[in-house]
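J.: Shown below is the structure under consideration.
The values are calculated or read from the model by the stated rules, or taken from the named source; none is laboratory data. In this text, all values refer to a predicted model and were calculated from it rather than measured experimentally. Cβ sites come from the backbone with ideal geometry, for glycine too, and all protein chains shown count toward neighbours.
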Amino acid sequence: MLEEKQFKETRPMSLEEWKEFQSEMSRLAAIKWNGYTKTLKEVGINYLGSVGQSSKMAHGLQYNFHTYCVYLASYDLCGIQVCSYKYAANCKDTCLVESGQARLSEYSSKGNFVMRARILKTRLFFANREVFMRLFLHEMKRYQKKCLNEGGIFSIRINATSDLNPELFIDPDKNMNIIEANPDIMFYDYTKVVPRIEKLYGKYKNYFMVYSYDGSPASKEYALQYLAKGGHVAVVFGTTNTNGNSLPKKWCGYDVCCGDDYDYRPIDPAPVCGLAFKITKGSVKDGHFEMPNTSFIVRLDDKDCE
């Protein structure tokens, strides 16, 4: 798969970092599937993914949206590229990978255990895809069953803090990607990778893609093209108010809905998903929050906002 190559690039490392990276990748590659619980323990994590593990996903449970997702680590943290440099340049400094629980766990007496787990999951994906997928499928089926018993809407967001091609997630028993192997489950993603959208748009009835606007002129041009053909676009606005009261009514002439009430994008009532900025490690200076000065965040007084 051509796109996978760009996500296997590793960042420059010191000799000690490289030795640690190679050692861990070798350890993970050697792991054999030995049942869910024993395999998790050998990997060194408590779970791969879950439902409601972030505040936004937990809020969605109030609407009976049960979304299973996996949080991976970013390039600078785990050493492997999980987002395309070409399309993620404008948002990497405000990446959500260091927001929420990951930001707060930094102050734990145990160290940043959340980020350590995300690093292990990311490296496992590239070192041992079969074991990663068997853990993924085990949890997916468990949460799907629980959701159906509770009468909820079950879905899967493959990329919570990554931007990987969903066709890389192969069911090892069916030899099919998880989207085509599970036509009864709705999958969705936010992505900045334009070629992927062009390739996958409309290909699967159970896969919904939201284009993530990054603030660059090229991104705006594509966002408008995607909106014109019926696609949905996510835009981060310069507010931390997540109840939608401070979002503009329109962006570039298109209606805006609040994307923070829930995360299940396939039912959005408007083509533009408005998101409040989430506080990240990089946006806190000397203990005080400062709204980052970047075109990725659309100011509320921007000319494109109504």
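J.: Collect the residues in the stretch 33-44 that are outside any helix (DSSP H, G or I) and surrounded by 17 or more Cβ atoms within 10 Å (Cβ to Cβ), keeping them in residue-number order.
T.: none
J.: Considering only the stretch 57-82, state which residues are buried (at least 19 other Cβ atoms within 10 Å of the Cβ), outside any loop (DSSP other than H, G, I, E, B) and of a type outside the set (F, W, Y).
T.: M57, G60, H66, T67, C69, L77, C78, I80
J.: How many residues are at pLDDT below 95 and aromatic (F, W, Y) if we restrict to the stretch 238-263?
T.: Selection size over the stretch 238-263: 1.
J.: Examine the stretch 164-171 for a residue that is in contact (Cβ under 8 Å) with a residue 40 or more places away in the chain and under 22 Å from P269 (Cβ atoms), and state whether such a residue exists.
T.: no
J.: Which pairs have Cβ atoms under 6 Å, sit 6 or more apart or on different chains, and link a residue in the stretch 194-206 that is more than 22 Å from S216 (Cα to Cα) and modelled with pLDDT of 95 or more to one that is among the β-branched types (V, I, T) and surrounded by 11 or more Cβ atoms within 10 Å (Cβ to Cβ)?
T.: Within 6 Å, the pairs are Y204/I179.
J.: Right, here's the next one. Given the criteria under 17 Å from G49 (Cα atoms), at pLDDT below 95 and of a type outside the set (A, V, I, L, M, F, W, C), does S162 qualify?
T.: Yes, satisfied.
J.: May I ask you to verify whether A29 is at pLDDT 95 or above and touching a helix residue (DSSP H, G or I) at 6+ places or on another chain (Cβ under 6 Å)?
T.: For A29, the condition - at pLDDT 95 or above and touching a helix residue (DSSP H, G or I) at 6+ places or on another chain (Cβ under 6 Å) - is met.
J.: Okay, next question. Looking at E221 and the list (1) free of Cβ contacts under 8 Å to residues at least 12 places away in the same chain; (2) charged (D, E, K, R); (3) under 19 Å from N159 (Cβ atoms); (4) outside any loop (DSSP other than H, G, I, E, B), which single condition is not satisfied?
T.: Only one criterion in (1) free of Cβ contacts under 8 Å to residues at least 12 places away in the same chain; (2) charged (D, E, K, R); (3) under 19 Å from N159 (Cβ atoms); (4) outside any loop (DSSP other than H, G, I, E, B) is unmet by E221, namely (3).
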